[in-house]
Structure formats: structure tokens, C-alpha cells
1. Among the numbered conditions (1) surrounded by 12 or more Cβ atoms within 10 Å (Cβ to Cβ); (2) charged (D, E, K, R); (3) under 21 Å from A157 (Cα atoms); (4) modelled with pLDDT of 85 or more, tell me where E216 comes up short.
2. Where residues in the range 127-144 are more than 15 Å from K225 (Cβ to Cβ) and part of a loop (DSSP other than H, G, I, E, B), which of them is nearest to the chain's Cα centre (by Cα)?
3. Taking the range 147-160 on its own, how many of its residues are among the small types (G, A, S) and touching a residue at least 40 places away in the same chain (Cβ under 8 Å)?
4. So the check is Cβ under 6 Å with 6+ separation or different chains; which pairs have a first residue in the range 87-104 that's assigned to a helix (DSSP H, G or I) and a second one that's not aliphatic (A, V, I, L, M)?
5. Tally time: how many residues in the range 106-126 are within 19 Å of the chain's Cα centre (by Cα) and part of a loop (DSSP other than H, G, I, E, B)?
6. Is it true that E185 is closer than 30 Å to S344 by Cβ, modelled with pLDDT under 90, out of contact with any Pro (no Cβ under 7 Å at 6 or more places or on another chain) and not aliphatic (A, V, I, L, M)?
7. Between residues in the range 228-249 that are over 18 Å from V133 (Cβ atoms) and residues that are in a helix (DSSP H, G or I), which pairs lie under 6 Å by C-beta distance while being six or more apart or on different chains?
8. Are any residues in the range 66-95 of a type outside the set (D, E, K, R) and under 22 Å from I37 (Cα atoms), and if so, which ones?
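The values are calculated or read from the model by the stated rules, or taken from the named source; none is laboratory data. Here the structure is a predicted model, which means the values were calculated and not measured. Quick reminder, even Gly has a Cβ in these numbers, built from the backbone with ideal geometry, and neighbours come from all protein chains shown.
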Amino acid sequence: ELFKPFIFNKLELNGMATTIKAAKKLVEMEVPEVWDILEEVIREHPILLNRAPTLHRLGIQAFEPVLIEGKAIQLHPLVCSAFNADFDGDQMAVHVPLSLEAQMEARTLMLASNNVLSPANGEPIIVPSQDIVLGLYYMTRERINAKGEGMLFADIAELERAYNNRELELHARVTVRLREYVAAEGGEWQARLVRRETTAGRAILSNILPKGLPFELIDKALKKKEISRLINGSFRRVGLRETVIFADKLMYTGFSFATRAGMSFCADDMRVPAEKDTIIDAASAEVKEIDAQYSSGLVTQGERYNKVVDIWGRAGDDVAKAMMKHLSKEQVVNRKGETVDQESFNSIYMMADSGARGSAAQIRQLAGMRGLMAKPDGSIIETPITANFREGLNVLQYFI
């Protein structure tokens with residue numbers, strides 16, 4: 001629809017139609033030649049996408065269109081944060097710059113790959129989120145006693161072969177020779193082989209590092225903030241073009257390993273802490289004591305209310321702390337036969353810890369206790385909800 005005038009023009013130039021009316025008929029009949037011409041017309045012709053509300057200048061960006069089957073606009077995942085777009089039925093306006101000047105302007109100033117930094121704070125705006133973060137976090141985690149721990153590899157190709165043949169797990173600590181680049185005279189990059197002790201996942205990820213970025217930047221569990229720093233560092237060190245390519249590779253790698261991780265949300269992952277009942281019983285006893293003091297006239301109604309709210313607030317925090325302690329650590333036996341603590345591979349914990357989705361406050365409601373609730377006027381109800389969503393709420397708690 002948008003490129004129709006260009007198609008009519010091409011049809012006339014190719015001698016397939018003599019008048020606009022005839023060209024229109026050909027387009028409506030959707031003859032095969034029309035699709036070839038459309039592909040030719042849209043090549044090198046940027047279009048503008050705008051998502052309302054346009055709150056900052058990155059709300060309108062230029063893209064190179066790609067022909068696809070179907071009626072939905074397919075958008076690159078990394079520009080979603082700039083548009084504040086998600087895939088739940090958002091609508092976008094498409095504009096076609098007509099004149100050559102407009103096309104040039106769209107290409108040089110508005111192309112998405114030229115708008116890497118946010119105009120608000122100068123930080124990168126093409127930062128991966130959700131699935132991509134989860135995939136990158138999962139592949140850069142380390143697990144004690146993983147299959148293949150302690151193996152030595154001559155290069156990454158050998159390591160990948162072992163991984164693909166299931167002789168090596170992603171989280172195993174191994175020794176591998178990596179190719180690193182150092183700046184030589186005349187602006188050239190000089191390759192050198194360095195022996196590194198790292199995890200298999202981090203070694204595989206080093207494959208996509210641009211020349212000039214040190215391996216230390218990815219030699220840790222990559223959470224959302226670390227990935228943002230990584231892209232920022234890449235932009236400052238190797239420039240715009242390399243950073244855009246790197247961010248794209250990061251995205252594909254993240255999606256790929258998130259799929260392989262097969263992370264799921266399971267009821268058994270919501271671990272209710274054993275200390276919960278003890279904490280709640282202690283808080284109830286304290287509240288009873290305060291009520292007794294109130295009945296004896298030792299404290300006023302206001303003091304009683306404040307103390308009760310304070311006690312339950314503390315109890316909720318204690319339950320949350322106990323729950324996070326259980327969720328975040330697990331005990332394993334290392335190669336020497338010693339029992340040691342390591343960071344947990346619990347799916348829900350990993351989703352929150354990586355910064356992909358969720359937070360400690362949400363996990364607290366799932367597996368700790370829901371705690372104190374507020375009335376519509378903002379005042380706090382002094383009876384807390386001691387249950388969590390894993391255990392289920394009774395009628396009264398549900399009503400609160």
C-alpha cells in the first residue's frame with residue numbers, strides 16, 4: 001500500500017503497463033512480477049516507525065524493511081526499550097520518506113543502528129532484556145563439579161566439539177587457549193594466544209567479543225547491569241558499528257542459550273522456609289502481649305497500632321530473608337569431597353538474580369508471606385496475610 005506509487009512507476013518503466021489504471025489492475029491481481037518489483041523498490045529505501053506516545057526522539061526511528069508473509073510488523077527485540085514496545089498487540093505507524101533528501105536524512109540521522117545511546121543519559125539504549133539476559137546469565141554461571149570440570153582444551157573449536165558431544169557442561173571450569181587481540185602500531189590488531197581458566201560458557205561467549213574488548217569483561221556471571229556495562233564499554237572502545245554488530249550477536253546467543261537452558265516456573269522451585277512458622281508464632285506472641293498492655297491501659301490505641309504494624313513488618317522481612325537464604329544457596333560436594341556452598345540454580349532465583357524478570361519482593365509473596373496490606377485510603381491493615389501463593393490463601397486472607 002505504502003510503496004504503490006513506486007511500483008506503478010516501475011511497471012510503466014518496464015513496459016508492463018501503459019497507464020496508471022492498468023498498473024493498478026496488475027497490482028490488485030498480485031501478479032508475480034509485482035512482488036519482484038516491490039522487493040526492488042524497498043531495497044535501500046528506509047521507512048519510519050513510530051509508536052505512540054512519542055515521549056522522546058527515539059519514539060520514531062528508521063529501519064530497512066524486509067518483506068515477510070503475514071500482516072504483523074516484526075520488530076527487532078533490541079529496539080523495543082526505545083519504543084517502550086511489547087508484543088501484546090501494540091500498534092505502530094509506518095511512514096515512507098518520499099524525496100531523496102528525506103531518505104538520506106532518515107538513513108543518516110534516524111536509522112536504528114545509529115541511535116545506540118539514550119539522549120536522556122548517554123547510556124546505551126539497545127540493552128538486552130528478559131530472555132536474552134536469562135540466556136547470557138545461564139551460560140556464564142559456574143557450577144561446582146559440573147561434567148568436564150578440569151579439562152584442558154587447545155582452542156575454542158575443541159571446547160565446542162566437546163560441548164556439542166555432551167562431554168562437557170556449560171558451567172564446568174576448564175582451561176582453554178583463547179585468542180586475544182592487542183593494539184599494535186599503525187592501528188592494527190595483533191592476535192595472541194592466552195591460556196585462561198574459565199567456564200565453558202564464557203569461553204564460547206568470547207567467540208563473539210569484538211577485537212579490542214578484554215576477556216575480563218565477560219569472565220563473570222553476566223547480569224542485566226553487567227551486560228549494559230559491556231555494551232557501554234564496547235561503544236567507548238571500538239565504536240558504533242562494531243557495537244551494533246556485537247549487540248546483535250549477544251541477542252542471538254542469549255536467545256539460543258535461554259532455549260537450551262529450558263528454564264521453567266515450577267511449584268517446587270518456590271521453597272517455603274522451615275523457619276517461617278517459628279517467626280510467625282513469635283510475632284503473634286508479641287502482638288498478644290501488646291494487646292494485653294492495651295487492655296490494661298498501659299498503651300494508647302495509636303501506640304498499639306504502630307507497634308503491631310512494626311512487629312508484623314519485621315516478621316515479614318525475617319521470613320523473606322530466610323526464604324532468600326534457602327533459595328540463593330545450595331550445598332554441593334566438590335572434587336575433593338568437601339561440602340561447599342554455591343549459588344543456587346533454582347529457576348525462580350535465577351530469573352530474579354539475572355535481572356531478567358521478577359524481584360525479591362515478588363518471590364517473597366510466592367514463597368514467603370504476603371505480609372501487611374494497605375487499604376484504599378493508604379492506611380495499613382494491622383492483620384497481615386501470613387500465607388503465600390504457594391500455600392494458598394484462605395477466604396479471609398483473599399478478601400484482604
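1. (1)
2. The selected residue is R141.
3. Filtering the range 147-160 for residues among the small types (G, A, S) gives 148, 150, 154, 157.
Subsequent filtering for residues that are touching a residue at least 40 places away in the same chain (Cβ under 8 Å) retains 148, 150.
Of the residues in the range 147-160, 2 are among the small types (G, A, S) and touching a residue at least 40 places away in the same chain (Cβ under 8 Å).
4. If the second residue must be not aliphatic (A, V, I, L, M), the pairs left are Q103/P97.
5. Qualifying residue count for the region: 5.
6. Details: closer than 30 Å to S344 by Cβ: no; modelled with pLDDT under 90: yes; out of contact with any Pro (no Cβ under 7 Å at 6 or more places or on another chain): yes; not aliphatic (A, V, I, L, M): yes.
The answer is no for E185.
7. F235/T243; V244/S113
8. Our first condition is that a residue be of a type outside the set (D, E, K, R); within the range 66-95, this holds for 66-68, 70, 72-85, 87, 89, 91-95.
Residues satisfying the conditions are V66, L67, I68, G70, A72, I73, Q74, V94, H95.
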